[in-house]
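Only one structure is covered here, and it is reproduced in the block below.
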Amino acid sequence: MNPAMTKLTETQTIILSAGAQRLNKIALPLPKGLAGAAAKMAVTKMIEHGWLQEVDANVRRNEPLWRETGDGHGTTLVVTEAGLLAIGIEPVVVKTSAANCGVANAKPEVKHPTLRTGTKQALLITMLRRAEGATMPEIIAATGWQAHSARGAMSGALGKKLGLAVVSAKEDARGRVYRIGQPA
């Protein structure tokens with residue numbers, strides 16, 4: 001692990017990872033079982049670190065509310081660029097190319113996320129790209145994650161965000177082995 005990298009709690013990692021995958025990076029709903037004072041304390045600490053930001057909720061789009069501010073208005077929580085970086089995801093930059101300017105149905109050119117070296121996500125990708133792949137116990141030992149967090153990273157960040165196809169096969173000698181296959 002990169003010593004300069006921020007040490008996140010499991011709850012913080014879950015909140016940021018889930019929010020990173022949602023439309024508009026909304027961090028709500030919070031994980032099941034996290035409510036009341038514990039939720040307020042967790043969110044307050046994440047706002048202090050700059051990983052979450054409280055913004056006006058768009059009630060017309062049915063954005064989930066974190067806090068009601070009165071007059072039928074409220075706030076929601078969004079994952080910031082610092083929050084994405086904390087979980088090893090470079091923020092996505094959307095640009096429109098000069099050739100598409102003025103064209104009504106032009107699709108924006110998307111710059112795919114770039115991987116930062118020294119992150120747990122980069123370590124996971126390196127392990128999965130090896131010819132021998134990696135088993136869940138090896139991934140857990142290298143990253144310090146729990147099994148469900150490692151599976152979530154492979155499915156969410158690697159699969160959905162980075163477009164990497166993580167495949168697994170059961171091997172007699174090692175058990176289930178995970179590798180990066182062809183892009184999804």
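The values are calculated or read from the model by the stated rules, or taken from the named source; none is laboratory data. All values derive from a computational prediction rather than experimental measurement. Cβ: placed from backbone, ideal geometry, glycine included. Neighbour counts: every protein chain shown.
Here are the numbers for this structure:
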quantity	calculated
Checklist (1) crowded, with 18+ Cβ neighbours inside 10 Å; (2) closer than 21 Å to Gly19 by Cβ applied to Gln146, failing item	(1)
Residues (on the phi < 0 side of the Ramachandran plot, part of a helix (DSSP H, G or I) and modelled with pLDDT under 85) located in the stretch 22-41	Leu23
